[in-house]
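J.: Below you'll find the structure I mean.
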Amino acid sequence: MTEGEDEKITHRWQKDADGILIFTGLFSAALAALLTVSVQDLKSNPQDTTAFYLANIYQLLADPNISRTSILATPVQPPDFSPPKSAVLVNSLWFLSLVISLTSALLATMLQQWAR
């Protein structure tokens, strides 16, 4: 191979790496926006906890036959939260695609540095 062909190949690699970096940057930004929305499904909703406690308070106030000592003797806890399996799966795939995207950006940057 001649030196001119080597120059063409490295120039082509740099242009390809530029395209990859632009795409992965935009893709990672879109993924980050989607992740901020979908990660909320993995946490318990504070409104559900508030509604649970308000329903218990209402039941206590609505029933005049309940004594104050029995109220204090039985502490009521909201049910344990467990995220839906579909939300865990979807978020796992979002995070995996973000990791792959950032890894390809790193590799494209390393390719650009090597081609110089």
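J.: Go through region 1-11 and report how many residues are in a helix (DSSP H, G or I) and open to solvent by less than 100 Å² (accessible area, probe 1.4 Å).
T.: 5
J.: Quick one: which of S82, S44, S38, S86 is of a type in the set (S, T, N, Q) and touching a helix residue (DSSP H, G or I) at 6+ places or on another chain (Cβ under 6 Å)?
T.: S38
J.: Of the numbered conditions (1) under 28 Å from the mean Cα position of the chain (by Cα); (2) surrounded by 12 or more Cβ atoms within 10 Å (Cβ to Cβ); (3) hydrophobic (A, V, I, L, M, F, W, C), L93 fails exactly one; give the number of that condition.
T.: (2)
J.: Next question. Of a type outside the set (F, W, Y) and open to solvent by less than 50 Å² (accessible area, probe 1.4 Å): does that describe T50?
T.: So T50 does not fit the description; no.
J.: Residues of region 74-85 being open to solvent by less than 80 Å² (accessible area, probe 1.4 Å) and either small (G, A, S) or modelled with pLDDT under 85 (or both), which ones?
T.: V76, P78
J.: Could I ask something else about it? Restricting the search to region 12-29, which residues are out of contact with any helix residue (DSSP H, G or I) (no Cβ under 8 Å at 6 or more places or on another chain) and open to solvent by less than 50 Å² (accessible area, probe 1.4 Å)?
T.: G19 - this is the single residue of region 12-29 that is out of contact with any helix residue (DSSP H, G or I) (no Cβ under 8 Å at 6 or more places or on another chain) and open to solvent by less than 50 Å² (accessible area, probe 1.4 Å).
The values are calculated or read from the model by the stated rules, or taken from the named source; none is laboratory data. Owing to the predicted nature of the structure, the values given are computational and were not obtained by experimental measurement. No Cβ is skipped: glycine too gets one built from the backbone with ideal geometry, and neighbour counts run over all protein chains shown. Quick note on the areas: whole protein, heavy atoms, side chains included, nothing else; ligands and nucleic acids left out. Shrake-Rupley method; radii C 1.70, N 1.55, O 1.52, S 1.80 Å.
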